[in-house]
Structure formats: C-alpha cells, structure tokens
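The values are calculated or read from the model by the stated rules, or taken from the named source; none is laboratory data. The shown structure was predicted, so the numbers you read here are calculated from the model rather than taken from an experiment. So basically every Cβ, Gly included, is an ideal-geometry build from the backbone, and we count neighbours across all protein chains shown.
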Amino acid sequence: MFNNEDSSEVRNRILKEAQILFLKNGYKGTSVRDIAKASGTNVAMVNYYFKSKYNLFEIIFEEALDIFTKRIFETINSDLPFFELIENWIHTYYELLFQYPQIAAFILNEVSLNPEGLTQRIKKRNPYNSFSRIEQRIEEEVKKGTIRETPAADFLLNMLSMCMFPFIFGNMAMTLMEIPSNIYNELIANHERYVIEFTINALRPCNNELKKK
C-alpha cells in the first residue's frame, strides 16, 4: 500500500498523535477517528497499521510500561541510603504517573478484564530481583534498628496503593470535588510529600521499641 519509508513515517505519526490523545482524553475518550484526524490519515490507514484502537493503545502502554519498570527497578536496586531510596522511589512513581497517567487506569482495567495477561506483562520484566533486593534492604535496616519489623510484601502493597490510587481515582475525584484537572494535579503533586513522610514515619520504630533496645 505504501513504500517502506512512507509507511514508517505514517506509522510513527499515528503512534505519536495517539499517545498525545490517549494521555489527554483517556482510552475511552479517544476514537480511531480522532487519531486519524490528528495524524493526517484516515480510519482505514489506522486500522491497516494497528488493526484496532486497543492494539494501538497496547503498543503505547508497553512502551510506557518499559520506561516505568526500568526507572522503578533502577531506583530499588540503587545503593542509596534507605530513607533516601524510599523518597526517590515514591517521587519516581509520581513523576512517571504524571507523564503516563493512563498507566494506572490501564492496569486497573487489565486487573478486572485480563489479570493473567497483566501478570505475564509484568513477569517478563523480571520483578523478582528487585523484590528480593528491597526485602534484603528492609532486613538490613531492621537489624540496624532504623526501621520496625516490616514484611516486604506489605510494604510494597502499601507503596503501590498510595502512589497509584490518586491517579486511578482522578476522574471520579475531580467530579466529586467539582474541580478542574489542573487543580487536582496540583493537589496530587502536593500529596506526594505527604506520602513520602507518611511512609517513612510508618517505618520508623515507635518510642516503646526504641526503649527496649
């Protein structure tokens, strides 16, 4: 249908414009017709290259997930002091979720509709080394007395919940609070500091534990 050079250019243009629209309007708020119009193509061309809107979104999601997991795993596996690592880790979540806000919504959707597929996506990025590393760091800090006894799985679940939920809940929150997206984004940006302080304070030994030592 197209020569190789033109095909590559058209495909990349569709991907670029689709990403902008998905990030701006979400998956449901973006149509193939919108993507075709923004990329200067037509619906037939979008379907020719990507078969469906879902396939196109999957490509964009996979690319975003690669960036997301790479940055998170790099932070977890760093040799930063433990509390500094926690702060950087949470900041990385917020930074990436602001850049790719649809990741949170897509993960929620996959958990409901295709949990096995999402599990395989994550497994192929080998999260086990990073989990083992943070488990090791927690054990080391417990022995040093800088943090209380903390199961690594519980800690990771808390981290994921606090970082992901504000982005998953975003649309509903803006509707309930009757505020525009820029105000909500400012609220979430400020919330990052609260999450960092809450997480670190929850890890510190309480006064009774310190007295026992």
Verdict on residue 78 being assigned by TED's automatic domain parsing to the domain that holds residue 199 and part of a helix (DSSP H, G or I): no
Subset of the range 127-159 [in contact with a Ser or Thr (Cβ under 9 Å, 6 or more places away or on another chain) and part of a loop (DSSP other than H, G, I, E, B)]: 127
Test for residue 30: is it polar (S, T, N, Q), under 19 Å from the mean Cα position of the chain (by Cα) and crowded, with 17+ Cβ neighbours inside 10 Å: no
Filter result for residue 61 (closer than 30 Å to residue 161 by Cβ, under 19 Å from the mean Cα position of the chain (by Cα) and not assigned by TED's automatic domain parsing to the domain that holds residue 150): no
Residue in the range 81-136 that is surrounded by the most Cβ atoms within 10 Å (Cβ to Cβ), counting only those that are among the aromatic types (Phe, Trp, Tyr) and over 13 Å from residue 65 (Cβ atoms): 93
Count of the range 97-118 residues which are among the charged types (D, E, K, R) and farther than 19 Å from residue 19 by Cα: 1
Count - residues of the range 167-184 that are assigned to a loop (DSSP other than H, G, I, E, B) and among the aromatic types (Phe, Trp, Tyr): 1
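The rows are residues; the columns are (1) of a type in the set (S, T, N, Q); (2) in a helix (DSSP H, G or I); (3) modelled with pLDDT of 95 or more; (4) touching a helix residue (DSSP H, G or I) at 6+ places or on another chain (Cβ under 9 Å).
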| residue | (1), (2), (3), (4) |
| --- | --- |
| 2 | no, no, no, yes |
| 10 | no, yes, no, yes |
| 29 | no, no, no, yes |
| 55 | yes, yes, no, no |
| 61 | no, yes, no, yes |
| 65 | no, yes, no, yes |
| 84 | no, yes, yes, no |
| 97 | no, yes, no, yes |
Leading residue by the ranking (nearest to residue 198 (Cα to Cα)) among those in the range 60-69 that are touching a residue at least 12 places away in the same chain (Cβ under 8 Å) and surrounded by fewer than 15 Cβ atoms within 10 Å (Cβ to Cβ): 67
